[in-house]
Amino acid sequence: MKPFLTFIFFLLTNVFLFGQIRTTQEVKPLQFELLATSNLVTKWIEPLSIEKEVFSFAVKSKTTIHLQFRTKKSGKKISQWKNLELNSHRQTYDQYWVSELYFLSVETEGIQFRHLINKRPQSPIEINFISIPIGYASEKSIQSDSSTCACEQPAYFNREDWCPTNDCPEISNPAITSVTHLIVHHAASANTSSNWAGVVKSIWEFHVNVNGWDDIGYNWLVDPEGKIYQGRGDNVRGAHFCGTNSGTMGVCMLGNFQTQAPQDSALEMLTKLLAWKSCDVDITPTDSSFHSSSGLILNTISGHKQGCSTACPGDLFFPLFPELRLAVESYIADSCKTIFSNINNRNENLEISLFPNPAIDNITITSSQKFTFFIIDSKGIIIHPKTKKALNKINLDIDQFSEGVYFLYIKSGEQFSVEKFTVLRAN
Ligand SMILES: [Zn+2]
């Protein structure tokens, strides 16, 4: 075995023996050789066949590169050359040229690169291999946060589920953001996997150890089977929207929707996730509004490409967005009401008063503590959305309410109460 290959073999073996999951290999410009044809190629980088469940790589370079790669498996023919694309989720502060994260078959034994321009790259290329050993990541528990808005937060897998070795720390000082826009992405990665938690962990490795970000870029990730994974979590400013992340919640649909449309199971869970957050922060899913960080008027539910030049969330997904926004709106109207099964849930501790009750034009709500609230009618439809600012007292104009019974949902700190009132109309 030649020294070059021996070195790689040693590096990879060493890494896996010690249980780490990321290693890098540098190919210097001089290691691109001119073959009989006019292409400058690297030698085959091999062997890569070490026990692993999820296997990916990304290339990093100080200067812009124009590369293709191909792979080979044992006893099988060599793949077609494929362009190495620039990472569509890079941030404005990123120092390096970084490719997308490419997921490879675990049977891949070697990889080779060629430079599309007939001269050597100007700087070394760093190949970052990310491998999740078999049995490393597993989805083992589900959490669900209760919510006092009309839509419950769907269940999700938390960080410990996709990073059971607890070596994927959260940011110690996360920047909190007040969400006004929900931004949907695709991962531009593989459409199939036997271990989606391992894919999430791979993306964390890519964002933190290759891109150099503080944490995984997205707030939430959804796999093709419709499972949700916690990324940065709720109301934390992420790194996903063209460097203008304030005011956004970023959701990444795992898969590549340049090549196929998302699965129904994933779209259904995305709809529930967007419905919960729309309800939580009082977003109308079919509206557009000003997003101050980007200076753009955006749909409240937008695709990444509405913020800057990228194919994300993919040509076979983005055309479905009008339908998605309507589905979120319908979900809030039709399905969220089912959580209001217990409407006799008064909490005496809050000392709430409604006056007058029955009411005609106005109703005054007072409480011993500051509160936020929303109102539904007797069919469970939201008549007045959740308020954002907590007050002790509010005088509410109910001119537009038709005659009937209504339920006031009040939240104060961790306490919660439901109060019934009646609206009368003169005949
Ligand atoms: Zn994106």
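The residue list W220, W204 contains one member that is outside the structural domain of F57 (by TED's automatic domain parsing), within 19 Å of S131 (Cα to Cα), modelled with pLDDT of 95 or more and out of contact with any Asp or Glu (no Cβ under 7 Å at 6 or more places or on another chain), which is W204.
The set of residues in the stretch 317-339 being hydrophobic (A, V, I, L, M, F, W, C) and assigned to a helix (DSSP H, G or I) consists of F318, L320, F321, L324, L326, A327, V328, I332, A333, C336, I339. Within the stretch 297-316, being surrounded by fewer than 17 Cβ atoms within 10 Å (Cβ to Cβ) and either assigned to a strand (DSSP E or B) or polar (S, T, N, Q) (or both) holds for I297, S309. Restricting attention to the stretch 258-299, the residues being out of contact with any Pro (no Cβ under 6 Å at 6 or more places or on another chain), closer than 21 Å to V179 by Cβ, away from the ligand (no atom under 16 Å from the Cβ) and not hydrophobic (A, V, I, L, M, F, W, C) number 11.
Right, Q122: over 18 Å from I216 (Cα atoms) and assigned to a loop (DSSP other than H, G, I, E, B) or not? It is true that Q122 is over 18 Å from I216 (Cα atoms) and assigned to a loop (DSSP other than H, G, I, E, B). Looking at the stretch 220-227, is at least one residue more than 16 Å from the ligand (Cβ to nearest atom), surrounded by fewer than 17 Cβ atoms within 10 Å (Cβ to Cβ), acidic (D, E) and outside any loop (DSSP other than H, G, I, E, B)? Looking for residues that are more than 16 Å from the ligand (Cβ to nearest atom), surrounded by fewer than 17 Cβ atoms within 10 Å (Cβ to Cβ), acidic (D, E) and outside any loop (DSSP other than H, G, I, E, B), one finds none in the stretch 220-227, hence no.
Inside the stretch 235-254, residues that are away from the ligand (no atom under 12 Å from the Cβ) and at positive phi make up a count of 3.
Taken over the stretch 60-89, the criterion of being under 28 Å from the mean Cα position of the chain (by Cα), in a loop (DSSP other than H, G, I, E, B) and surrounded by fewer than 18 Cβ atoms within 10 Å (Cβ to Cβ) is satisfied by K62, T64, E85.
I'm checking my understanding of the structure. Among residues of the stretch 164-189 that are away from the ligand (no atom under 16 Å from the Cβ) and of a type in the set (A, V, I, L, M, F, W, C), which one is surrounded by the fewest Cβ atoms within 10 Å (Cβ to Cβ)? Only one residue tops the list, namely I176. Among the residues making up the stretch 153-185, those that are in contact with a helix residue (DSSP H, G or I) (Cβ under 8 Å, 6 or more places away or on another chain) and outside any loop (DSSP other than H, G, I, E, B) are F157, D161, W162, L182, I183, V184, H185.
Once the stretch 112-126 is narrowed to residues that are exposed (fewer than 15 other Cβ atoms within 10 Å of the Cβ) and aliphatic (A, V, I, L, M), the residue that is farthest from T24 (Cα to Cα) is I117.
The values are calculated or read from the model by the stated rules, or taken from the named source; none is laboratory data. The shown structure was predicted, so the numbers you read here are calculated from the model rather than taken from an experiment. A quick note on method: Cβ atoms are made from the backbone with ideal geometry, for glycine too, and the neighbour counts reach across all protein chains shown.
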